[in-house]
Amino acid sequence: MAERGFSVARLPGFSTIAIVVFVALYLPIITLVVYSFNAGQSVAVWEGFSLKWYVDAWANDAVKSATLRSLGIALCASIIATAAATMAALGTTRRKAFKGQTFIYVMINQPLMVPEIVTAVALLIFFASIKVATGYQGLGYLIIAHSAFCIPFAYLPIRARLEGMDLSLETAAADLYASSWQTFRRVTLPLLAPGIMAGAMLAFVISLDDVVITEFVKSGGQDTLPTYMLGQMRRALTPEVNAISSVLLALTVLLLTAFFLLTRKND
C-alpha cells in the first residue's frame, strides 16, 4: 500500500481549529447583518424585524452624497490604476529579464508591504505642500492617492494572467506580419481582458473600502462612505451604520465573486 503524502488536514485538531477560526471571522459579520434589521435603536438588543434603517439610510442626503463620492473616486481610481498596472505588467513580462527587474517589481508592490498609515502620512505631507502652492482643494488628491495605492492590487491578477498566457498565438501573429500594435490589439488584449477586468474590480473594491488614506488626504466636506460611517460611530452608533455596512458588504462580495469567476482557470 502506497504511503500517503503529508496533509495538514490530517493533523490532530485541524477541523476544530478551522471551525473556531471561521466562527471568529464570520460570526461578527453575520451579527452586524442581522442587527441591521433591528427595529429598535440599540445595536445589541433585538427589538423585532424592520427595514427602517435601510429606509433611513436611503433617505439620508449625507449618505447619498458620500456614496456618490465614494463610487466616483473608486471608479476613477480603478481606471487609472488598471491602465498603469496593465502597462507595468506588459513591461515586466513581455521582454527578456533585465537588470533591476526585481527592484521594479518591489517598487510596484510597495503599497502592499509598507503599512498603510505610513503611505497615508507621506501622501498627507506631499499633498499639503501642493495645496499650499496651488490653492487647489478638490477631489483630485483622493483620486491620485487611491490610484497609487490600488496599482499593485490591479497589477497582480494582470501579471498572473500574462504569465499564464500561451505565447504561440502572439508568435503566430508576428509570423503573419502583424505589427506589434496589431498583435497587442487583436491577440494579447482579448486574451488579457479577463485579467484586466479582475484587476479593475479588485482595485475598485480596495478604493471603495479605504479609510486610512482617505482620512488623511481628504479636505473638509469630502467624506467618503467609509469615513462618514467612522464619523457616525464616533458620535452616535445606530443600526443605520449596520445597514450601510451590510450594503457595502453585499457589493464587495458581489465584486469579489465576479473576480473569482474571472480568474478561475478552466479545466
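The values are calculated or read from the model by the stated rules, or taken from the named source; none is laboratory data. These numbers come from a predicted model, not from an experiment. Note that each Cβ is placed from the backbone with ideal geometry, even for glycine, and that neighbours are counted across all protein chains shown.
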Next item on the list: Report, by residue number, each residue of the stretch 148-195 that is buried (at least 16 other Cβ atoms within 10 Å of the Cβ), closer than 16 Å to I108 by Cβ and of a type outside the set (G, A, S).
Entry: F149, C150, I151, P152, F153, Y155, L156, P157, I158, R159, R161, L162
Checklist line | helices (runs of 4 or more DSSP H) fully within the stretch 158-247 counting 2 or more residues that are touching a residue at least 60 places away in the same chain (Cβ under 8 Å) and of a type outside the set (D, E) | finding: 189-209, 212-217, 225-235
Notebook entry, point to check: How many of the residues in the stretch 12-52 are assigned to a helix (DSSP H, G or I) and within 28 Å of the chain's Cα centre (by Cα)?
Noted result: 18
Notebook entry, point to check: So, of the residues in the stretch 1-42 that are over 24 Å from A243 (Cβ atoms) and hydroxyl-bearing (S, T, Y), which turns out to be modelled with the lowest pLDDT?
Noted result: S7
Notebook entry, point to check: Does the stretch 98-105 contain at least one residue that is within 23 Å of D166 (Cα to Cα), charged (D, E, K, R) and exposed (fewer than 14 other Cβ atoms within 10 Å of the Cβ)?
Noted result: no
Item checked: the stretch 23-39, subset surrounded by fewer than 17 Cβ atoms within 10 Å (Cβ to Cβ) and touching a residue at least 40 places away in the same chain (Cβ under 8 Å), residue farthest from H146 (Cα to Cα) -> V33
Check: When you scan the stretch 128-151, how many residues do you find that are farther than 22 Å from L71 by Cβ and in a helix (DSSP H, G or I)?
Finding: 7
